[in-house]
């Protein structure tokens with residue numbers, strides 16, 4: 001079994017490959033929508049950051065209300081989609 005830095009590098013490479021695959025699938029899906037006449041609006045990095053900041057406040061409020069365990073479960077479910 002690998003350990004130490006080599007395992008960490010492998011994990012980072014796997015994460016990067018997964019993200020690249022997800023981005024390719026997203027691009028293909030958006031391309032198909034555009035072919036069907038849908039006006040696809042992609043937020044800028046600044047807009048995405050603003051949305052993330054707003055959502056982080058929502059997660060913080062829910063954590064205070066229902067607890068970190070349920071919020072973590074919800075975040076894990078969102079990551080699967």
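Coordinate-derived values only; no laboratory data. Worth saying up front: this structure is predicted, and the values here are computed from it rather than measured. Glycine also receives a Cβ, built like all others from the backbone with ideal geometry; neighbour counts cover every protein chain displayed.
Brief remarks follow.
- Rounded to the nearest 500, the 222 nm mean residue ellipticity of the chain from helices alone is -28000 deg cm²/dmol, with -39,500 (n - 2.57) taken per DSSP H run of at least 4 residues.
- Residues residue 29 and residue 52, FRET efficiency given R0 of 30 Å [Cβ-Cβ distance, rounded to 0.05]: 0.90
- Solvent-free Debye scattering, log10 I(q)/I(0), computed from the Cα coordinates of the stretch 1-41 at q = 0.14, 0.21 Å⁻¹: -0.48, -0.67
- Percent of Cα pairs in the chain per distance bin of 10 Å, from zero to the largest separation: 14, 25, 35, 22, 4, 0.
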